[in-house]
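To keep things clear, I will list the structure first and then write my remarks on it.
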Amino acid sequence: MKEESEAGQGSEGVVGLEEPKKMTREDWRKKKELEEQRKLGNAPAEVDEEGKDINPHIPQYISSVPWYIDPSKRPTLKHQRPQEEKQKQYTAIGEWYKRGVQEKPVCTKYRKGACENCGAMTHKKKDCLERPRKVGAKFTGTGIAPDEHSQIQLSLDYDGKRDRWNGYDPEEHMRIVEEYAKVDLAKRTLKAQKLQEELASGKLMDQAEEREHNSEDEDEDKYADDIDMPGQNFDSKRRITVRNLRIREDIAKYLRNLDPNSAYYDPKTRAMRENPYANTGKIPEEVGYAGDNFVRYTGDTISMAQSQLFAWEAYDKGSDVHLQADPTKLELLHQSFKVKKEDFKDKQKESILEKYGGQEHLDAPPQELLLAQTEDYVEYSRHGAVIKGLEKAVARSKYEEDVLINNHTCIWGSYWKDGCWGYKCCHSMVKQSYCTGDAGKKTASNSCVPFEEGLEEEQAEEPKSLMEMHQEKMKEKKKKKKKNKKHKKQDSDSSDEEDEAKKKEKLKKALSAEEQRLKQVAELMQMDERKRPYNSLQEVKEPTEEEMEAFRMKRSRPDDPMASFLGQ
């Protein structure tokens, strides 16, 4: 019987390790189709033995269990995950060593195996933390210490070993809170008793006036941190200032004067250097904003810049001064320097006048007052604003300008003829040539013409006086008026019909051109953006009335209920 059972067990082991049967082609094809459908999401994903979906994109050699381990098992990912029996178990977050001693009755007799010094069962004499007794508890049998808690062995992970609050008891903090609450309650009761005593004695009325007098200062000090500056949020607890985008009462610089000819606004730097109210006749001091330059060159900004410049110059010459480090010393030095400089100028002027004379010329009024006129032409409006004159200086380029070479009095490019540039002073078309003056002009103007033709041209080109030219113009005007009077009577009826016909023809041409443009736009919109041609080189002209009418007629209107029937 034993042999038969052993043979049966051997046969069962062999059957359990049999290799899987080979699949037929039809089954293999069905399996592959199912895998493809699962990858595309058309078929539900395969489920493992734990009921979890298996990602169809995971390879088969990862998801399937080897046949030599257990061929009956379904595909699973359990063998790829961390095994629970192999994972190290750590102590929970709430577990910690127990403090104090056990809360049970203390023994009155010494027990065998206990500490010889204090009588506790949880430690030996060498580990005892009590004061060494002259006669231990083993011999006296009195003063037996209570047993400590039997401590557990903690197994902490990486974070648990480094946790500062590990083993913290929140009840300790609640004890502190309760203690402070009791102290606060005691203070309030004492204060209430004191007020009742003062009220009964009459001292409270005398102190009321003093308290009212000092209340304003106390309130200012108390709520000083809570005040918010305009344009910022200030948190007194965290000491953080958050700047808002802008104050809502501020007006944008470009909205102060909407005239396009007013001051220029630079959107990149958000700067408007000139006064936007310059042409309105308002005084800069009366306006809320008069440009960045007005702010930059008014007040103490100029004196600040001068003192900074003086500090740099003084430091270069050996004086140890600094604007931010020692401003008082710098200001005193600057003032003394100004006084000495003015005195030196006055002494120098006096010495020159004593030596050479000429004081009467300095006392004379300026030429503008003597002659009551200047050569500067300035034109003003009725408000006092400058219309002409005192114009802005022309901005110069980074290249050299007005550079005259080779005895030329004009620059290259000042003369143009027959598609070529040249010098105006000598009409020379050769760049960097030497100037020949009037001789060059004569040679350039002379051309090989027969003598007789030259005489005829000279006779025909005799200069006429202005009177003769005016009389010829008047004669031509009279002839034109007579011709127009004759033609007006004949063409008055037919002119209206011709104008209408011309307008219709122009409108037809504009409509055809608009249709071609719309077709071209549709083709461009269908093309790839990277293959579209550039439109920047096309000539841009002002549209005519016919072109505008054609655009209005062909324009698509989405709100039109008949747009779908018209194909728009």
FRET efficiency estimate (nearest 0.05) - Cβ-Cβ, SER150 to ALA186, R0 56 angstrom: 0.85
Sites GLN471 and LEU371, calculated FRET efficiency, Cβ-Cβ separation with R0 56 Å, nearest 0.05: 0.80
HN-Hα J in Hz across segment 526-532 - Karplus 6.51, -1.76, 1.60, θ = phi - 60°, x for Gly and Pro: 7, 6, 5, 4, 6, 9, 6
Label point distance in nm, LYS480-GLU198, each placed 7 Å from Cα along Cα→Cβ: 10.7 nm
Extension reserve of the LYS98-ASP326 stretch, reckoned as 0.36 nm per residue once the Cα distance is removed: 75.6 nm
Linear extension gain, SER445 paired with ARG74, 0.36 nm per residue minus alpha-carbon span: 122.8 nm
Cα pair distances in segment 28-177, grouped into 10 Å bins until the bin that holds the longest one, percent each: 9, 20, 14, 15, 11, 11, 11, 7, 2, 0
Cα Rg, Dmax (largest Cα-Cα span) when computed across segment 315-365, Å: 17.3, 49
Cα→Cβ-extended label distance, 7 Å offset, between ILE352 and ILE251, nm: 5.0 nm
Karplus-derived 3J(HN,Hα), 6.51/-1.76/1.60, for each residue of segment 328-341, Hz, glycine and proline x: 5, 4, 5, 5, 5, 4, 5, 5, 5, 5, 4, 4, 5, 5
Amide H within-cut-off set for GLY291, under 5 Å, with H built and near neighbours excluded: none
10 Å-binned pair-distance histogram of segment 60-113 (Cα, whole percent): 15, 22, 15, 14, 11, 12, 10, 0
Under-5 Å amide H pairs with SER414, H placed in peptide plane, nonlocal only: GLY422, LYS424
Per residue accessible area in Å² of segment 313-377, where ligands, DNA and RNA are left out and the probe is 1.4 Å: 95 Å²
Assigned charges on the beta-carbon of Lys, Arg, Asp, Glu; segment 130-187 dipole about Cα centre (debye): 520 debye
Simple label model, 7 Å out from Cα along Cβ direction - MET429 to GLU130, nm: 12.8 nm
Estimated vicinal HN-Hα couplings, Hz - segment 194-202 in sequence order (Karplus 6.51, -1.76, 1.60; Gly, Pro = x): 5, 5, 5, 5, 5, 5, 6, 7, x
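The values are calculated or read from the model by the stated rules, or taken from the named source; none is laboratory data. Nothing here was measured: the structure is a model prediction, and the numbers come from that model. Here Cβ is always computed from backbone atoms with ideal geometry, including for glycine, and neighbour counts include all displayed protein chains. Ligands, DNA and RNA are stripped out before the accessible areas are found, and what is left, the full protein with its side chains, is counted by its heavy atoms. Shrake-Rupley method; radii C 1.70, N 1.55, O 1.52, S 1.80 Å.
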